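To start, the structure under review is shown below, and the notes come after it.
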Amino acid sequence: MGSSASKAALGATTDEPTEPEAKHLADLIRYINGTNMSVEHLADVLSEKTRSSSWVVVFKALVTVHHLMVHGNERFIQHLASRHSLFTLHNFLDKSVIEGYTMSTFIRRYSKFLNEKSLAYRLITSDITKTKRGMDGMMRTMDTKQLLNTLPVIQTQFDALLNFNANPDELTNGIVHAAFMLLFKDSLRLFAAYNEGILNLLDKYFDMRKNQCKESLDIYIKFLERTTKLVQFLKVAEQVGIDQNDIPYLTQAPHSLLEALKQHLASLEEKNNSLLPYSLQHALIPSIPNNPVVKASASSAWFAAHKPVGARQQCGKIIANNLDGSLASLVGTDLNLGESPVNRSDMKWPQPSEMEIADGMKWQLNTYTCTSTLWKHISVPSVPHMVLPPVGYPVTSQQVPTYRTLLFIFLNPGL
């Protein structure tokens, strides 16, 4: 380890009750991004700092580690994941100052999240927050077995992140505030991967065996619970000064979608071939108002991410920014987060036979902004006429093409 990097590591973890200085963090990023630079000694130095009795030094060391995980070369987190153990701070408590009691609680929670982030890398063999996204991305191309193995790992990591559980009035110093900002950035990226995995899971649901359906339903229910917790987390982010334009607004799917999934599983368990399939049309067909302007929201399917300020009606049009747009000012211009640039020709919507959209969906690739959601009149027969003829359970892939069409998600195809 170079003397400059060693000096930067020590400078970032002083006992001054302020966040690690940007210049020291920048020096460390340059070091680990350098070709063939060893990260082992740097990890040792920072790990040694977490053994201090001072909450300031320990917290700053954790923030520095997290910063390098998020912004540094992948070799750093890869090395941390290879260690037998990382941080053992579950009993940490600094009694020397009054503030130490409160900050020690956050240190214990924060270190658990960093442990889970490293463990997730070991189990998935990649940083899920930096993997390629979109229709040909990692989470959308997994098979059923891979999804059922990967989504619980993401859920555990997400739980540890949300368990930081800070109130706005508890973010009283630069160190805990810096930790919260890093968690905020990770929460958006992690949720984006989580989101895509659930999309893939729902698409495969009606082809699964009974045990797989049961496991998938449990995963989906937990996803709904975690999304509710994320909403609370984002409210804190808004209250501590993060721009509303950087905070996605999450809306929940209709309850009937969950009921559809439950009844399909029940039909497999009962093995009653005389029952009609529960119609996903009842669950998923959005109501079409007289106004031709239809807002892209979760009523089309399950969860949509858009901004409360960025998504606003202007002269009969809706401007809806998606989750990647919320990262624009936080993670730079590389909104694809590791994926190849998206070609406009690759961004396909359902064929006109499924849905006609006037003027198309005009996506600006640099900001991922939908500039028009004006729909033409859609000929949709009344719901009773759309119920499929009686078929036996389980529903096969040949029997539910219409169901899958109705699982169309009004999200940016490049997300």
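The values are calculated or read from the model by the stated rules, or taken from the named source; none is laboratory data. Note that the structure is predicted; figures quoted are calculated from it, not measured. Note: ideal-geometry Cβ built from the backbone for every residue, glycine included; neighbour counts use all protein chains shown. What goes into the accessible areas is simple: the full protein's heavy atoms, side chains included, and nothing from ligands, DNA or RNA. Shrake-Rupley method; radii C 1.70, N 1.55, O 1.52, S 1.80 Å.
Look at (1) among the hydroxyl-bearing types (Ser, Thr, Tyr); (2) open to solvent by 30 Å² or more (accessible area, probe 1.4 Å); (3) within 26 Å of the chain's Cα centre (by Cα) and you find that Ser118 fails only one, number (2). Name the residues in region 113-150 that are in a helix (DSSP H, G or I) and acidic (Asp, Glu), would you? Within region 113-150, just Glu116 meets the criteria.
For region 165-184, indicate whether the set of residues that are closer than 30 Å to Ala260 by Cα, open to solvent by less than 20 Å² (accessible area, probe 1.4 Å) and among the small types (Gly, Ala, Ser) is non-empty. No, region 165-184 contains no residue that is closer than 30 Å to Ala260 by Cα, open to solvent by less than 20 Å² (accessible area, probe 1.4 Å) and among the small types (Gly, Ala, Ser).
Pairing each residue of region 140-163 that is in contact (Cβ under 8 Å) with a residue 40 or more places away in the chain with any residue that is outside any helix (DSSP H, G or I) and surrounded by fewer than 20 Cβ atoms within 10 Å (Cβ to Cβ), provided the two are 6+ apart or on different chains, yields C-beta distances under 7 Å for Thr150/Met142.
Total residues in region 135-154 satisfying the condition of being within 30 Å of Val236 (Cα to Cα), out of contact with any Phe, Trp or Tyr (no Cβ under 7 Å at 6 or more places or on another chain) and open to solvent by less than 10 Å² (accessible area, probe 1.4 Å): the figure is 2. A single member of Val63, Val70, Val56 is buried (at least 23 other Cβ atoms within 10 Å of the Cβ) and in contact (Cβ under 8 Å) with a residue 60 or more places away in the chain, and it is Val63. Just one residue in the set Leu46, Leu80, Leu86 is closer than 17 Å to Asp15 by Cβ and surrounded by 18 or more Cβ atoms within 10 Å (Cβ to Cβ); that residue is Leu46. The set of residues in region 245-256 that are touching a residue at least 40 places away in the same chain (Cβ under 8 Å), within 15 Å of Glu225 (Cβ to Cβ) and not in a loop (DSSP other than H, G, I, E, B) contains only Leu250.
Looking only at residues in region 209-234 that are farther than 21 Å from Thr144 by Cβ and out of contact with any helix residue (DSSP H, G or I) (no Cβ under 9 Å at 6 or more places or on another chain), the one that is most open to solvent (accessible area, probe 1.4 Å) is Glu225. For region 194-215, the set of residues classified as over 15 Å from Asp143 (Cα atoms) and touching a Lys or Arg at 6+ places or on another chain (Cβ under 7 Å) is empty.
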